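All remarks here apply to the structure that follows.
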Amino acid sequence: MKLRIRLVVLLLFTAALLTLVWLSTSPRYTVRQVVITTANEGEEVSAEVKAQLSTLVGTPLLRLSPAKEEARLKQLATVQDAVIRRRLPDTITVHLTVTESRVIIHSSDDEGYYLIKDGHLFAITGEDAAPYQRRVMTIEVPASYAQVMVRWGVDELFEQVIELTDSLGGESSLITRVKYDNNSSNSFGKMVLELSSLHAQIWVREPVGAARVQAAIALVQEDRERSLFFLSSEAKRYDLYREGLVRR
């Protein structure tokens, strides 16, 4: 009796194993479709994600390791989290949490683009930067400084620059360019807000809040209107300190 039970168990195990082998090698159970969803509706999936997921097409579905592929996706700059599921006979579903970056970093001297993920800069392509740039502001920095933050993370001073840039809100429509250089004579560095429509630049010389910048922009508008700025061919510079605005 025990021998018969063992034989039945062995036959069932063998049948299950053969079925699994057949399923894993059958063309019918090969990945042909990848369905991608995002945590927030309307978010764009980056080109780097699409390129990586496209390599899974043609893979035997049951040989694919969801955990391994999730880990690979999380290494990408634009992915904060990923959940992958297999769906018979030929589909995998991918649910992404897209990385949220308060600003985009651009190193104009080498045309590099970066987003901020887990306190570090991660390089991305200009194509993948574009959707972010439609939502958040871009800060230009020297390439050497960008590489420092790739390796060591965002420093305390630049975090203040990010917070200020992110908090400007509606005033960003007048700010056409934001530049920051950590190599400066003062401890804060050099942060420049370009106001192209006003032919003006505001050099932020000390850490200040968004309200101070907004007030400075209003003063620049008044000053440029009084001085007939449109007749000037050069941008006028204003230095912003905690205690006030100085025209240079």
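The values are calculated or read from the model by the stated rules, or taken from the named source; none is laboratory data. These figures come from a predicted structure and were not determined experimentally. Virtual Cβ from ideal backbone geometry, glycine too; neighbours counted across all protein chains shown.
Things to note:
- Qualifying residues in the stretch 32-88 (those that are of a type in the set (A, V, I, L, M, F, W, C) and in contact with a helix residue (DSSP H, G or I) (Cβ under 6 Å, 6 or more places away or on another chain)) - the one nearest to Val98 (Cα to Cα): Val79
- Number of positions in the stretch 48-65 that are part of a helix (DSSP H, G or I) and touching a residue at least 24 places away in the same chain (Cβ under 8 Å): 7
- Entry remark, the stretch 44-79: residues being surrounded by fewer than 16 Cβ atoms within 10 Å (Cβ to Cβ), under 29 Å from Arg134 (Cβ atoms) and touching a Ser or Thr at 6+ places or on another chain (Cβ under 9 Å) number 2 in total.
This table checks each residue for (1) of a type in the set (Asp, Glu); (2) on the phi > 0 side of the Ramachandran plot; (3) under 33 Å from the mean Cα position of the chain (by Cα).
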position	(1), (2), (3)
His199	no, yes, yes
Val204	no, no, yes
Ala210	no, no, yes
Ala218	no, no, yes
Ala235	no, no, yes
Glu243	yes, no, no
Val246	no, no, no
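- Applying the condition of being surrounded by 15 or more Cβ atoms within 10 Å (Cβ to Cβ) and under 23 Å from the mean Cα position of the chain (by Cα) to the stretch 80-92 and asking which residue is farthest from Ser54 (Cα to Cα) yields Gln80.
- For the stretch 128-150, a residue qualifies if it is of a type in the set (D, E, K, R), modelled with pLDDT of 95 or more and either loosely packed, with under 14 Cβ neighbours inside 10 Å or assigned to a helix (DSSP H, G or I) (or both), and exactly one does: Asp128.
- Across the stretch 131-146, the number of residues qualifying as free of Cβ contacts under 8 Å to residues at least 40 places away in the same chain and within 17 Å of the chain's Cα centre (by Cα) comes to 5.
- The single condition among (1) more than 15 Å from Val98 (Cβ to Cβ); (2) surrounded by fewer than 16 Cβ atoms within 10 Å (Cβ to Cβ); (3) modelled with pLDDT of 90 or more that Trp22 does not meet is (3).
- Gly153 within 18 Å of the chain's Cα centre (by Cα), at positive phi and of a type in the set (Gly, Ala, Ser): yes
Yes or no, residue by residue, for (1) loosely packed, with under 13 Cβ neighbours inside 10 Å; (2) at pLDDT 95 or above; (3) part of a loop (DSSP other than H, G, I, E, B):
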position: Val161; (1), (2), (3): no, no, no
position: Leu164; (1), (2), (3): no, no, no
position: Ser187; (1), (2), (3): yes, no, yes
position: Pro207; (1), (2), (3): no, no, yes
position: Ala215; (1), (2), (3): no, no, no
position: Leu219; (1), (2), (3): no, no, no
position: Glu234; (1), (2), (3): yes, no, yes
